[in-house]
Each structure stands twice: as structure tokens, then as C-alpha cells.
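Structure, as C-alpha cells:
The values are calculated or read from the model by the stated rules, or taken from the named source; none is laboratory data. Just so it is clear, the structure is predicted and the values come from calculations on it, not from any experiment. Because the Cβ atoms are built from the backbone with ideal geometry, glycine has one as well, and the counts that use them run over all protein chains shown. Only protein heavy atoms, including side chains, enter the accessible area calculation; ligands, DNA and RNA are left aside. Shrake-Rupley method; radii C 1.70, N 1.55, O 1.52, S 1.80 Å.
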Amino acid sequence: MTADGAETGEPSDGIPPRIGAPARRALERAGYLRLSQLAGASETELRRLHGMGPKALHILHDALKAEGLSFADERDRPRSRPPRNEP
């Protein structure tokens, strides 16, 4: 394994520093210490954490995307969403 984690395919950095302190504490309390761990979580799950707001979720989404990762529920979701009134 290389020092930057390239062999494992995991990002070498942790949670993005632009995340605010309340959101960072919420992630740490939930056991998320690395960005790669968030790829196993759903956005809905993270949204429920006390201290996690829309801005933090947007930052995390962008950081995951930059690493070629996504939230768990984004992998299952179709690219275009059907109108809400359809079953």
C-alpha cells in the first residue's frame, strides 16, 4: 500500500476541511472519520445527524464526486427522477 492510499483506491484525505464544526462533530460521533466511509452511508442517514445541514451535505457530495464516489443511495437512484405524482 502506498502512503497516499492509492493502492486501496481510497482517498488519502479525511473529511473536507470546509465542513463546519457542528457537522464535523456529528460525523465523528457517528463514526465517520474518512471521506471513503461516507460512500457506504446514505444521504438520508447523514441528513438525520444533529448538526448536519444542507451546506455540509453539498460539500460532502462534491468531495465524494471528486474521488469518484457517491452516497450509497445515489448509486441506486436513476439519473433522472420521475415526477412525484407517478408511483
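Residues checked against (1) part of a loop (DSSP other than H, G, I, E, B); (2) at pLDDT 90 or above:
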| position | (1), (2) |
| --- | --- |
| GLY9 | yes, no |
| ALA26 | no, yes |
| GLY40 | yes, no |
| THR44 | no, yes |
| HIS50 | yes, yes |
| GLY68 | yes, yes |
| PRO87 | yes, no |
Looking only at the range 25-39, and only at residues there that are without any contact (Cβ under 8 Å) to a residue 24 or more places away in the chain and charged (D, E, K, R), the one that is least open to solvent (accessible area, probe 1.4 Å): GLU28
Failed item in (1) open to solvent by 70 Å² or more (accessible area, probe 1.4 Å); (2) at pLDDT 55 or above, with ALA56 passing the rest: (1)
